Amino acid sequence: MKLFVFVFTIFNVSICHGQFLKISAASKSVEIPHDSYFIMKIGDGLTNECCNYIKANGSIINETTDSLTMDLNSLVVYNKAISDRKFNKVINIGPHAFNKFAKTDILSFKYYKSQKNYTSNKTIKTISTVLILTGITTAVNSFFVKNSSDKNLLLYAGGAQFGVGLITFALSRHKKYQTYEKKQIWSFD
């Protein structure tokens with residue numbers, strides 16, 4: 001019985017650990033859990049990020065030496081077509097749609113702890129943008145008020161709204177890992 005418990009414990013420990021995506025740049029190295037939620041921009045590795053690329057959202061389920069397999073939640077194709085117009089095509093993905101991408105084709109990515117963390121982060125960014133815009137509007141309205149005490153009150157309120165919005169927006173940013181054409185290029189290990 002003790003042998004069974006020992007083997008079972010060793011098996012669970014070996015399964016639970018080592019499921020990381022390793023990336024490195026210069027002397028830095030980062031390990032990202034596979035169950036994280038990824039936003040990846042994928043191109044052909046030769047073109048610039050602004051032109052033709054795919055934006056894939058989902059989690060990584062498998063990693064090989066040259067590719068990543070993702071469980072996709074959404075896939076958007078961006079194409080720069082005739083007359084420098086940018087077209088995008090949203091491809092609706094059903095549950096558990098798997099797609100394999102070459103590591104050399106990944107232009108950049110961000111990761112979040114979970115999809116819920118990603119959606120709450122988007123909500124925080126939206127609220128902070130609204131706070132910034134309403135703060136600017138409130139401060140501009142102070143120029144149309146004749147009473148100086150009301151004018152100062154509107155300026156303080158607008159400044160406070162703008163400041164809170166700016167701080168929450170700055171705190172909700174996630175690091176973007178670039179795999180091409182930047183000072184610090186990240187590569188997959």
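For A97, the residues whose amide H sits under 5 Å from its own are L72, ignoring neighbours fewer than 5 places away on the same chain, with H placed 1.01 Å from N. Residue by residue, the stretch 101-117 carries 3J(HN,Hα) couplings of 10, 6, 5, 6, 8, 7, 7, 7, 7, 10, 9, 10, 4, 7, 5, 5, 5 Hz when phi is fed to the Karplus relation 6.51 cos²θ - 1.76 cosθ + 1.60 (θ = phi - 60°); x denotes Gly or Pro.
To the nearest 0.05, what FRET efficiency results for V140 and H174 with a Förster distance of 41 Å applied to their C-beta separation? Walk me through the intermediate numbers first.
Values: r = 31 Å, r/R0 = 0.77.
Here the calculated transfer efficiency is 0.85.
Taken along its three principal axes, the alpha carbon spread of the stretch 134-189 comes to 64, 18, 14 Å, from the longest extent down to the shortest. Rounded to the nearest Hz, the phi-derived 3J(HN,Hα) couplings of the stretch 151-163 under the Karplus curve 6.51 cos²θ - 1.76 cosθ + 1.60 (θ = phi - 60°) are 4, 5, 4, 5, 5, 5, 5, x, x, 5, 4, 4, x, where x marks glycine and proline. Within the set K55/K175; K100/K175; K28/K125; K103/K125; K28/K116; K55/K103, which residue pairs have Cα atoms separated by over 26 Å? From the list (K55/K175; K100/K175; K28/K125; K103/K125; K28/K116; K55/K103), the Cα-Cα distance tops 26 Å for K28/K125; K103/K125; K28/K116. Projecting label points 7 angstrom from Cα along Cα→Cβ for V77 and Q115 puts them 2.2 nm apart.
Counted residue by residue at 0.36 nm each, then reduced by the alpha carbon distance between them, the extension gain from S29 to S67 reaches 11.8 nm.
Each value in this text was obtained by applying a stated rule to the coordinates, not by laboratory testing. In this text the structure is predicted, and so the values were computed from the model without any measurement. Note: ideal-geometry Cβ built from the backbone for every residue, glycine included; neighbour counts use all protein chains shown.
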